[in-house]
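The values are calculated or read from the model by the stated rules, or taken from the named source; none is laboratory data. This one's a predicted model, so the numbers in the text were calculated from it and none came from an experiment. Here the Cβ is made from the backbone with ideal geometry for all residues, glycine too, and neighbour counts use every protein chain on show. The accessibility values were calculated without ligands, DNA or RNA, using every heavy atom of the protein model including side chains. Shrake-Rupley method; radii C 1.70, N 1.55, O 1.52, S 1.80 Å.
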Amino acid sequence: MSDSPDERGAELRELFFETSQELLQALNEESLKLEKNPGDEEIVRSIRRTVHTLKGDSAACGLRELSELAHQFEDALSLETAAAHGALAEIAFAAADVFSAMLAAYHSGGPIPASDPLRNRIKELTSAPAARKLRRKKKVSEAIVEPGKHWTDSEKQAMAQAQAAGLALYAVVVKIDPHCAMPIAARQLIQNAISRVGRVLVVRPDANSPAATKQVEFVVGSSQSEEQIATKGRIPTIASEASVILIAAAKSAKSSAPLGDAAMPAAPALPASVSAPTNTVLAETVPADIASAETVPADTTPANKAPLGQSSATFEAKSSQLDAYASTSEPATPATPENILRVDAGRIDNVLNLVGELIIGKSMLQQALNEFSKHYPKEALRGKFADAMAFQARVLNDLQRSVMKIRMVPVDQLFRRFPRIVRDVARQCEREVDLELSGQETDLDKGILDAIAEPLTHLVRNAVSHGIEPPEQRRSLGKPPHGKIRLHALHQGNQVVVEISDDGRGIDAQKIRAKGTELGLITPEEASRMSDAEALELIFRPGFSTAEVVTEVSGRGVGMDVVQSVLHRLKATIHIETHPGRGTTFRLKLPLTLAIIKALMFWVEQRLYAIPLNAVNQIARTTEAEVHQVDNYEVLQLRNQVLPLLRLGRRGAVEGDRKSNKLFVLVITVGEKKYGLIVDALEGEEELVIKALDDHTFSTDLVNGASILGDGKVVLILNLLAVVEHVSRSSPEKAGLSNSGLLLNHADRARLTLSAAGGQA
């Protein structure tokens, strides 16, 4: 059963909403180029092509307001005076913003934003006295040109090879039905149909040209008759009219005569629009060695009239290559990303979940094999089972890596947004800022990339508004008036590091302490004891801001706390490195994926827990006698360093046993600091598939996921950032009470408190 029209329309709209973001991004990028190179006609043409595509796609989806507005802007861009207009870049930026707002309204079902201000600005482009359309009106009857005059060398070569293969050359003109809702798709359907009756050697006009929605023109090499070709070109509701004209009759297959003016009959040739010089078709449709021929206009170089093949062997080799290429099932088309398949992210997540279940199944099989080996150590089948398990493990690992790669996208998809953001914020703050991007090819999980978009935006905006000084101040400090912000991404082990750095004023830790005291976030005593690194952490507190005046960009005290909360949720960290007067670097360390991790498992109070293996620096053994208390916090001296300890379970019950009791200490890194986790016993390393937990399952933030082992045990995955924050926020009144037993339940904690109180009584 076929889908209903409503379902097809909804699917078409969803596809358009996705692709339109790429069009808007392209419009922003071209507008930035135009702002730096005012009057560049090639950039203006590129903007017009983007707007034309947006207009056609939105019309096909029935988005009338957007289509009409884009059509008005496209008409204005086609004027001769458009490129010279001083405010064109500003109008293009405004158009991108209005288009984006309209798309958001369509997608959410909200009211369409007003477009009158933009329409008035577009009228500025059309109100110039000398404004006139760049239109070339040509009648079909006047479209006969000298054969081969505007064809490139590569196109002539392709036609010569088609003739040598015994094919006749035809000019085919197919007019697209004016009532067709999707002319771009119609163009492809027509080309597919024509390719079934011959080789498509030339396609005109360019797919991004406005004329492409009215008709499509080909040079075709075919052994079919004119009527057969015309019949193929007539497609109901798609193509209203098709005409075919013979350019050159078929030659003998052994003939190697050149394809020049002498070789072409003085018969009617291609329409002018087909003959227009366009060098972007054949390079995409024939093998590279044929398409690499230099494209020089035929009427300017005498060498173009020379034979195309210097030897029969070379000519036949080229011809056979073209034959092999033309015999493939794919039609000759302009460059399009046909190898890209758009798939909903939810489908990939489902596959990833199934891979996770397979990994759990592998663990179950491994557990069963281990038990089998214990009961039947001399069984001959043991080796076969082990080999089968090893093979399955290899294939499963390859499958897991392949699925993970599907979710990986380059960070360039996010970095491309920031040139426009930096430009707008710099104008609002009256700064002069250059943005430098590097490491855009670094891959990151799509879910993580989407999640860090907001934190990165806050950091970049803060770098412009707080970090970079005004031009006059920079000159007085001996700095160039243009500040520099750098976005850099790189792989570091199984993490991705994203750095946001500037060459501005830096962060004054003393000023942060004073502001924190003024806002009541810390007491003067706490401020005096704070290190510079601890003081810098205050900027992530809700409500904290050093801006003296509230503006559209800064001063509200929201933003950096959002950065911290999002990064905590992603199990990521952020580190600040600042040098007053020289600049600041924010360094984000992100996991490659949130789905599957290598973990170290351990026992606390007869419960199984795990932490990411990359967070563990080392595992140490010590005794209770070596644990000391400083300011009512437990610490351990390890390799000439004082290591703060976090006791996850309870302390030993008997004083004598405590002194000699041996402890496992997991030395972990959270941010740039090291801590020691005291655990009861170690279980080992395991690859865990993380299952999210809802708020109804766990009311604590100390656990942010769970997994199932092969033997059915459930392991809880700790949120190390939350564990450390829990200890840092607590101020123990009695030694060893508040910073121990973090993973005890309420009943165990109550019993521990009562026993401690009884012992002191």
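Which links in 156/214; 484/571; 362/691; 362/571 stretch past 28 Å when you go from one Cα to the other? Please list the in-between numbers first.
Working: 156/214 26 Å; 484/571 30 Å; 362/691 17 Å; 362/571 26 Å.
Going by Cα-Cα distance, 484/571 fall outside the 28 Å limit.
Quick one: which of 533-539, 175-181, 718-724 comes out on top by average Cβ neighbours within 10 Å, and what's the full order, highest first? Walk me through the numbers before you get to the answer.
Working: 533-539: 18.9, 175-181: 14.9, 718-724: 20.6.
Ranked from most to least packed, the peptides come out as 718-724, 533-539, 175-181.
Residue separation times 0.36 nm, minus the C-alpha to C-alpha distance between residue 626 and residue 561: what's the value? Could the numbers behind the result be given before it?
Working: separation 65, 0.36 × 65 = 23.40 nm, distance 3.79 nm.
The span from residue 626 to residue 561 would gain 19.6 nm if fully extended.
Would you mind checking which residues have amide H under 5 Å from residue 643's amide H? H placed 1.01 Å from N; only 5 or more apart, or other chain.
636, 637, 638
At 7 Å along Cα-to-Cβ for each site, give me the label-to-label distance between residue 126 and residue 711 in nm.
Label-label distance for residue 126 and residue 711, simple model: 7.7 nm.
Which whole-number value in Å² is the accessible area per residue of the range 471-553, probe 1.4 Å? Kindly include the intermediate steps, with their values, before the conclusion.
Values: 4550 Å² over 83 residues.
Here the residues of the range 471-553 average 55 Å² of exposed surface.
With label points built 7 Å along Cα→Cβ from the Cα atoms of residue 528 and residue 22, find their separation and express it in nm.
The modelled label-to-label distance comes out at 6.2 nm.
Of the peptides 56-62, 457-463, 215-221, how do they stack up when ordered by the mean number of other Cβ atoms within 10 Å, highest first?
Details: 56-62: 20.4, 457-463: 22.0, 215-221: 26.0.
Per-residue mean Cβ counts within 10 Å order the peptides as 215-221, 457-463, 56-62.
Beyond a 27 Å Cα-Cα separation, which of these cross-linked pairs lie in this structure: 33/175; 378/713; 589/674; 405/589; 446/589; 511/673?
Numbers: 33/175 35 Å; 378/713 29 Å; 589/674 16 Å; 405/589 19 Å; 446/589 16 Å; 511/673 23 Å.
Those over the limit are 33/175; 378/713.
Pop out the carbon and sulfur fraction of the accessible area of the range 151-228 as a percent, whole number, probe 1.4 Å. Please report the intermediate quantities before stating the final value.
Values: 1330 of 2520 Å².
Solvent-exposed carbon and sulfur of the range 151-228 make up 53 percent of the total.
Would you mind checking which residues have amide H under 5 Å from residue 434's amide H? H placed 1.01 Å from N; only 5 or more apart, or other chain.
483, 484, 485
What residues qualify as long-range amide H neighbours of residue 469, i.e. H under 5 Å apart, gap of 5 or more or another chain, H built at 1.01 Å from N?
505
Can you pull the percent of the range 398-514's accessible area that's carbon plus sulfur, 1.4 Å probe, other chains left in place? Intermediate values should be presented prior to the final figure.
Details: 2530 of 5270 Å².
Roughly 48 percent of what the probe reaches on the range 398-514 is carbon or sulfur.
Quick one: which of 86-94, 617-625 comes out on top by average Cβ neighbours within 10 Å, and what's the full order, highest first?
Numbers: 86-94: 18.0, 617-625: 13.3.
Descending mean neighbour count gives 86-94, 617-625.
Which distance in nm do the two modelled labels at residue 639 and residue 511 give, with both placed 7 Å along the Cα-to-Cβ direction?
Taking the simple label geometry, residue 639 and residue 511 are separated by 3.8 nm.
Rounded to the nearest 5, what is the percent of antiparallel bridges among the DSSP beta bridges in the range 361-505?
Details: 11 of 17 bridges.
Here the share of antiparallel DSSP bridges comes out near 65 percent.
Give me the number: length gained by fully extending residue 15 to residue 36, i.e. 0.36 nm times residue separation minus the C-alpha to C-alpha distance, one decimal in nm. If you can, show how the numbers build up before the last one.
Values: separation 21, 0.36 × 21 = 7.56 nm, distance 3.26 nm.
Extra length from residue 15 to residue 36 when fully extended: 4.3 nm.
Can you work out the FRET efficiency for the pair residue 674 and residue 585, with r the C-beta to C-beta distance and R0 = 22 Å, to the nearest 0.05? The partial results should precede the final answer.
Values: r = 21 Å, r/R0 = 0.96.
Using R0 = 22 Å, I get an efficiency of 0.55.
Roughly speaking, what is the centre-to-centre gap between the range 12-60 and the range 404-459 when only Cα atoms are used, to the nearest Å?
19
Could you state the accessible area per residue of the range 575-624 in Å², with a 1.4 Å probe and every protein chain left in place?
Values: 2070 Å² over 50 residues.
That works out to 41 Å² for each residue.
Which stretch or stretches of the range 594-619 have amide N atoms under 13 Å from the point lying 7 Å from residue 495's Cα along the Cα→Cβ direction?
Within reach of a label on residue 495: 612-617.
Per-residue accessible area for residue 169 at 1.4 Å probe radius, Å² rounded to 10?
We get 0 Å² for residue 169.
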